[in-house]
1. Output yes when any residue across the stretch 20-29 is part of a helix (DSSP H, G or I), touching a residue at least 40 places away in the same chain (Cβ under 8 Å) and either farther than 15 Å from E93 by Cα or under 9 Å from the mean Cα position of the chain (by Cα) (or both), and no when none is.
2. So which residues in the stretch 40-66 are aromatic (F, W, Y), more than 19 Å from L23 (Cβ to Cβ) and part of a helix (DSSP H, G or I)?
3. Could you list, in sequence order, the residues of the stretch 38-70 that are under 15 Å from E11 (Cβ atoms), of a type in the set (A, V, I, L, M) and surrounded by fewer than 17 Cβ atoms within 10 Å (Cβ to Cβ)?
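Just so you know, all these numbers are worked out from the coordinates, no wet-lab data involved. This structure is a prediction, so every number in the text was calculated from the model and none was measured. Cβ sites come from the backbone with ideal geometry, for glycine too, and all protein chains shown count toward neighbours.
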Amino acid sequence: MNRVARHYYVEGLKLAEEQVAPLEVIDELLESAGFRMGPFRLMDLIGVDSNYLVTSAMYEAFHYDAKFRPSRLQQQKVDAGHHGRKSGRGFYEYPTSPTSAK
């Protein structure tokens, strides 16, 4: 699963890094092609930090093959504590409920 799905994230991140399109457009295009969620919405859902750890592990497991190289955009999000929905911010921002602030 991870070997196949990893490219969904990695290629989406490459497109964003190369400024081919904004991440919102990348998500919209892939969703309009039939995917339930674009790569950025999906990373935010599962956790940018968790996704980054799996990508890093795959990169090491496949002898640092460039096709599995973690993205600097993802690393920046992790370093900033933007882990996705669970932190209220990832590639997108998520409102926090008043009860979660207590």
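1. So far as the stretch 20-29 goes, no, none of its residues is part of a helix (DSSP H, G or I), touching a residue at least 40 places away in the same chain (Cβ under 8 Å) and either farther than 15 Å from E93 by Cα or under 9 Å from the mean Cα position of the chain (by Cα) (or both).
2. If the condition is that a residue be aromatic (F, W, Y), more than 19 Å from L23 (Cβ to Cβ) and part of a helix (DSSP H, G or I), then Y59 is the only one that fits.
3. Residue satisfying the conditions is A66 alone.
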